[in-house]
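The values are calculated or read from the model by the stated rules, or taken from the named source; none is laboratory data. Bear in mind the structure is a predicted one, so any value in this text is a computation, not a measurement. To get the accessible areas, we keep the full protein, side chains included, count just its heavy atoms, and leave off ligands, DNA and RNA. Shrake-Rupley method; radii C 1.70, N 1.55, O 1.52, S 1.80 Å.
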Amino acid sequence: MAQDLLEEEGIYFDDLSKLRALEPDVSQKTTELKEECKEFVGKIGQFQSKVGGLIQLVDELAKETETEKFKVIGARNLLKLVAKQREALQQQLQALIDEKKMQLERYCIECEALAKVESEQNEFINQFILQN
């Protein structure tokens, strides 16, 4: 009966017979909630450390990617330079081929002219021999 009067006033006895201002169920749930909060905070800490590690890994990968990107850009520029050099060399060689073709054509014309002169001279020599 005395315990009921105290409970009506909001005063309770716990398992160890200590006076409490909270109901035993509420006190127990508060303690459980406190423990769950500690576990949650611990899990959040683990999560943050894992996320921190992941962010660090992603940053390192980003730096490596950036480095590789610059290497690729350099290689591409070098390839373009080599292609331009090759094209310039090809143009030079084509000009040299054209020049040699023209020289060959001149030599052919000169050879034909010399052959004609030789033929004329041989004919003149044959006529001279026949006359003498």
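Return a yes/no flag: does the range 75-92 have any residue that is assigned to a helix (DSSP H, G or I), polar (S, T, N, Q), modelled with pLDDT of 95 or more and open to solvent by less than 100 Å² (accessible area, probe 1.4 Å).
yes
Report yes if E8 is open to solvent by 70 Å² or more (accessible area, probe 1.4 Å) and modelled with pLDDT under 95, otherwise no.
Criteria met by E8.
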